[in-house]
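First up is the structure itself, then whatever we jot down about it.
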Amino acid sequence: MDNSAVSFEARAKCYRCYRPKSSCMCEHAYPVDTKTKFVILMHPKEFKKIKNGTGHLTHLSLTNSELYIGIDFSDHARVNALTDDPTNHCVLLYPLSNSKVLNEGSIAQTNKRTVIFILDATWDCSKKMLRVRYVKRKERKRGQFFHKELALKDTELTPSNVYVA
């Protein structure tokens, strides 16, 4: 059988929002300036999802944001630079047993830049991302990823609340 006559055309993709060009969302992403730094840590499975581009769209909408794809960020130079910088107050947007409900107060600290890490992943994948980071940090005694110890316990979620650890 001669395969030379068979050709496959890849669907044209927008490399800004990573959606097919036919459903590009870039014109709907309006940049917002913030004092807070947002760092989106995206699981590779989320990167491959075409229908759900929340991480990409969030990054496009927040001018003071960074987006990185992976599972283990314990040796990630930029993530470590942010977390090791004493002028930053780093928090994780995630519901844990020791989390603070943002609706009930501020997380800002005087003379420190707030850096909010967001995990873009399914619940199961995000737990794995946290576990990998927590175990490696504990083994190596590296700088803390977050300013509180992480406790990987199931937490009752209240949809109206936003949590940071």
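The values are calculated or read from the model by the stated rules, or taken from the named source; none is laboratory data. What you are looking at is a predicted structure, and each value in this text was computed from that prediction instead of being measured. Methodologically, a virtual Cβ is constructed for each residue, glycine included, from the backbone with ideal geometry; neighbour enumeration extends over all protein chains shown.
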Output the residue which, of all residues in the stretch 47-103 that are of a type in the set (Gly, Ala, Ser) and over 13 Å from Tyr18 (Cα atoms), is surrounded by the fewest Cβ atoms within 10 Å (Cβ to Cβ).
Ala77
Selection count where residues are within 11 Å of the chain's Cα centre (by Cα), under 16 Å from Leu130 (Cβ atoms) and not aromatic (Phe, Trp, Tyr), scope the stretch 52-78
2
Inside the stretch 110-124, the number of residues satisfying the requirement of being under 22 Å from Thr63 (Cβ atoms) and either of a type outside the set (A, V, I, L, M) or in a loop (DSSP other than H, G, I, E, B) (or both) is 5
Quick one: what pairs do we get from the stretch 70-95, first residue among the charged types (D, E, K, R), second modelled with pLDDT of 90 or more, C-beta under 8 Å, 6+ apart or different chains?
Arg78/Glu66; Arg78/Tyr68
What about Thr36, is it surrounded by fewer than 18 Cβ atoms within 10 Å (Cβ to Cβ) and touching a residue at least 60 places away in the same chain (Cβ under 8 Å)?
yes
